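Chemist: Handing you this structure, nothing more for now.
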Amino acid sequence: MTLVITHPDALLHENPPGHPEQVARLRYVLEALEGMTLDREEAREASDEPLLRCHPQAYLDRIAGAVPEEGWVQLDADTFLSPGTWRAARLAAGAAVRAVDAVMEGSARNVFCAMRPPGHHAETATPMGFCTLGNVAIAAKHALEAHGISRVAVVDFDVHHGNGTQDLLWDEPRARFWSTHQMPLWPGTGDASETGPHGTVTNVPLPPGSGGAAFRAAMERIVLPGIDEFAPELLLISAGFDAHHADPLAQLAWTTEDFAWATERLCDAAWTHCAGRVVSCLEGGYDLDALANAVAAHVDVLRRRTDG
Ligand SMILES: [Zn+2]
């Protein structure tokens, strides 16, 4: 069965009115998943141990200490703390960690973490891009350290470069990271020349206006062969849905079917190499209807691929 991990307190993280990373995103996502046959579980907050594999204690203290009692604290141009942010962020990281435990222990074949805030822009000691904790990198290091595996793959198909995940896994030879993203686009990183000291980082920039065909070609020429060569023991997905043609933040022109296709191919790879073990964490996606439809298509593939 596919497990969905979520928590109502993920709605407690609020951004100022008009901010694209809004509470309604998660409401739409959960509503889209409502009718599906899925295992469901409430997230629990990550303990310090998995967080400290990615972020120093001083950073955790700084963010926790900056959370306001009301209103917002602004960390950069578009990253805000509200009274519920730290609770939500620790739950989002905890969901990713728990998801790894579930697939490694065999209680779930694959997992979708329906949480917010997203995580893939949070660097070691720098919150950015709506993110404070690097959920997927935290999950990757948890898999390596707590489950004794030696090869974990991370695929990030959010329209923005996963600079945070790249930063957090940069020195980790046991993790490989593939990011497809629009370029040029914020945050500006993610050039193909950024490969890391161990050659474990693969960036696949895509030009504005390019559609699903260019994405599928990049997957087939670069990402999927790379995964086959690496033969991971676990596959993690940073599942952002802002490359959808309806998304207001970017200019890639993918369809819901493109997200379903990518999920199928990643499940194929997971079945070839790691008994179908996939953990997918929600990142971006800012057109509410497009987000809901794309998540439903993504999770429906996960649900249909639990047996091969
Ligand atoms: Zn994004």
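Chemist: Residues in segment 116-132 that are within 16 Å of the ligand (Cβ to nearest atom) and either under 15 Å from Leu51 (Cβ atoms) or among the β-branched types (Val, Ile, Thr) (or both): how many?
Modeler: 7
Chemist: If you don't mind, another one. Taking only segment 22-61 into account, find how many residues are part of a helix (DSSP H, G or I) and either open to solvent by less than 70 Å² (accessible area, probe 1.4 Å) or without any contact (Cβ under 8 Å) to a residue 40 or more places away in the chain (or both).
Modeler: The qualifying residues number 18.
Chemist: Something else: Here are some residues: Ala175, Ala143, Ala153, Ala99. Which one is more than 22 Å from Gly226 (Cα to Cα) and either away from the ligand (no atom under 16 Å from the Cβ) or surrounded by fewer than 24 Cβ atoms within 10 Å (Cβ to Cβ) (or both)?
Modeler: Sole residue among the options that is more than 22 Å from Gly226 (Cα to Cα) and either away from the ligand (no atom under 16 Å from the Cβ) or surrounded by fewer than 24 Cβ atoms within 10 Å (Cβ to Cβ) (or both): Ala99.
Chemist: Hey, another quick one. For segment 224-232, indicate whether the set of residues that are of a type in the set (Val, Ile, Thr), closer than 22 Å to Ala137 by Cβ, more than 15 Å from the ligand (Cβ to nearest atom) and not in a helix (DSSP H, G or I) is non-empty.
Modeler: no
Chemist: In segment 81-92, which residues are open to solvent by 30 Å² or more (accessible area, probe 1.4 Å) and of a type outside the set (Lys, Arg)?
Modeler: Hits for segment 81-92 are Pro83, Trp86.
Chemist: Right, next: Name the residues in segment 250-282 that are open to solvent by less than 40 Å² (accessible area, probe 1.4 Å), within 16 Å of the ligand (Cβ to nearest atom) and either without any contact (Cβ under 8 Å) to a residue 60 or more places away in the chain or farther than 21 Å from Arg109 by Cα (or both), would you?
Modeler: Of everything in segment 250-282, those that are open to solvent by less than 40 Å² (accessible area, probe 1.4 Å), within 16 Å of the ligand (Cβ to nearest atom) and either without any contact (Cβ under 8 Å) to a residue 60 or more places away in the chain or farther than 21 Å from Arg109 by Cα (or both) turn out to be Ala250, Leu252, Trp254, Asp258.
The values are calculated or read from the model by the stated rules, or taken from the named source; none is laboratory data. Here the structure is a predicted model, which means the values were calculated and not measured. Positions of Cβ are backbone-derived with ideal geometry, glycine not excepted, and every protein chain shown enters the neighbour counts. Accessible surface is based on the protein model in full, side chains and every heavy atom, while ligands, DNA and RNA are left aside. Shrake-Rupley method; radii C 1.70, N 1.55, O 1.52, S 1.80 Å.
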